[in-house]
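Data first, discussion second: the structure below is written as structure tokens.
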Amino acid sequence: MNSLRARAHLLFGRRSHQSLAPHQHLSPAVANDLVISTVDENSGIAMLTMNRPPANSLSMEMNEAICDSIKTIEANAKIQSVILSSTNPKIFSAGLDVTELVSPDKDRLPRFWNSLQQVYIDLYGSRLATVAAIQGHAPAAGCFLAMACDYRVMSAGDINSDTKKKHVPTIGLNETQLGIAAPPWMGQLLVRTVGFRQAELALALGTLFPPEQALAVGLVDDIVPHQKAESGEDQLIDLLPSQIKDQALNPLLQRAYSQARIYAKIPPQARVASKMVTREEHIFRMIAKRDEDTQHFCGFVTQKAVQKNLSAYVEALKNKSAKK
Ligand SMILES: CCCCCCCC/C=C\CC(=O)SCCNC(=O)CCNC(=O)[C@H](O)C(C)(C)COP(=O)(O)OP(=O)(O)OC[C@H]1O[C@@H](n2cnc3c(N)ncnc32)[C@H](O)[C@@H]1OP(=O)(O)O
């Protein structure tokens, strides 16, 4: 994408993609399975719900589905805000699908990386106001997805009413724990989100922050205690895809919705122009270095030592899951 196209995208968000049916005020699920989009033209709010069990990990197809959904929603001029959520109440996104990284196919690997770069360009540079509703874990590229949004609300965690076990989600760029490093554009996004020193520490240590700490360092903007709300708003209920219709009383989604509504009321030209002030140069920089970044990624990931670490990590994940 050349800089003019990127600029036009940021300014106008106009793409040559199919738009939602013009007569539709409230669409039920416009789904491509991996991502479910719902829109409400009356409120100007859409919801993009990640739906790739078991962990919403980011395969190439998942990245493409996210980009397609953003483009489709952006093509509807009546929509100003979008909530990014998950059908999994315990996992927002587990980051990159690690199976893409282990013994990778040499033709697919650069395409996979390109698809993630495109998520950065499309989500971080979207004309839409984006609100991440982080119900569950958001490690590594899951954290990146949240950071690429304009606002982040995170669940403070909850207690399973049957087992009485506490679930506390965490968020952060934990790449070093896997023996890899976040790419510059992702690491720098953390720097811009939490400041230099906190990012430097967190990147080196691969810190995963629980909600209170994430709030304290500024990685999320708000945390929401998990106490079922007494009532739900019809507009939010209608926006929820069928897979999470029962979440209408979820205070996290309610908080995300109210933030999306605040954004939707700001004159869009002013809101988009202000977004460009902080984001445009970073997107241009990444686009300029895109090929170099891809080569660096492929070279790094295919190193013997890195493959060894990643294989061990995937094995540990499988063993952990098998022991449950
Ligand atoms: C500078 C040079 C460039 C180099 C660049 C490198 C690229 C850097 C950018 C991003 C890196 C990444 O995003 S790597 C991925 C990092 N993600 C993680 O470390 C998270 C791993 N997962 C977990 O810690 C946990 O699964 C969880 C905390 C997210 C949830 O825990 P829970 O106990 O609820 O669930 P399970 O662990 O049992 O998992 C369920 C199920 O999901 C599978 N799973 C989990 N995570 C992933 C993943 N990232 N990819 C693929 N699959 C994943 C897990 O194996 C279980 O599957 P099964 O039930 O089928 O066994």
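Note on the chain: with neighbouring protein chains present and a 1.4 Å probe, carbon and sulfur make up 55 percent of its accessible heavy-atom surface.
For the chain, adding -39500 (n - 2.57) for each run of n ≥ 4 DSSP H residues and dividing by the number of residues yields -14000 deg cm²/dmol at 222 nm.
Let me spell out the model: positive unit charges on the Cβ of Lys and Arg, negative unit charges on the Cβ of Asp and Glu, origin at the Cα centre of the chain. What dipole size does that give, in debye rounded to 20? Before the final figure, lay out each step's value.
Values: 35 positive and 31 negative charges, 89 e Å.
So the dipole magnitude of the chain works out to roughly 420 debye.
Rg and Dmax of the chain, both derived from C-alpha coordinates alone, stand at 18.9, 55 Å. Ranked by solvent-accessible area (1.4 Å probe, protein heavy atoms only, all chains present), the residues 74, 315, 233, 280 order from largest to smallest as 315, 233, 280, 74.
In the chain, the DSSP beta bridges split such that about 35 percent are antiparallel, to the nearest 5. Note on segment 213-324: percent of Cα-Cα distances in each 5 Å bin, starting at 0 and stopping at the bin with the largest distance, equals 2, 8, 9, 9, 10, 13, 15, 14, 12, 6, 1. The residue among 251, 282, 227 whose Cα reaches farthest toward the positive pole of the charge dipole of segment 194-324, with charges on the beta-carbon of Lys, Arg, Asp and Glu, is 282. What relative contact order, as a whole-number percentage, does the chain give when Cα pairs under 8 Å and 6 or more residues apart are counted? Taking the mean separation of contacting Cα pairs over the length of the chain, I get 19 percent. Taking 17 Å as the straight-line reach from the Cα of residue 304, the lysines in range (excluding those fewer than 8 positions away in the same chain) are 106.
Within the straight-line cut-off of under 26 Å between alpha carbons, the lysines reachable from residue 245 are 71, 78, 90, 164, 165, 166, 228, 265, sequence neighbours fewer than 8 places apart in one chain being disregarded.
Estimated at the nearest 10 Å², the accessible area of residue 49 is 0 Å² with a 1.4 Å probe. With all protein chains kept in place, the per residue accessible area of the chain amounts to 46 square angstrom at a probe of 1.4 angstrom. The largest accessible area among 231, 81 belongs to the first residue in 231, 81, and the rest follow in falling order (1.4 Å probe, all chains).
Return one quarter of the surface area of the convex hull spanned by the alpha-carbon atoms of segment 149-204, equal to its mean projected area, in nm².
Values: hull surface 21.2 nm².
Averaging across all directions leaves 5.3 nm² for the Cα convex hull.
Computed about the Cα centre, the dipole magnitude for segment 132-192 is approximately 140 debye when only Lys and Arg (+1) and Asp and Glu (-1) carry charge, each at its Cβ.
The values are calculated or read from the model by the stated rules, or taken from the named source; none is laboratory data. Since this is a predicted model, take the numbers as computed values, not measurements. Neighbour counts are summed over all protein chains in view; Cβ atoms, including those assigned to glycine, are modelled from backbone coordinates with ideal geometry. The accessibility values were calculated without ligands, DNA or RNA, using every heavy atom of the protein model including side chains. Shrake-Rupley method; radii C 1.70, N 1.55, O 1.52, S 1.80 Å.
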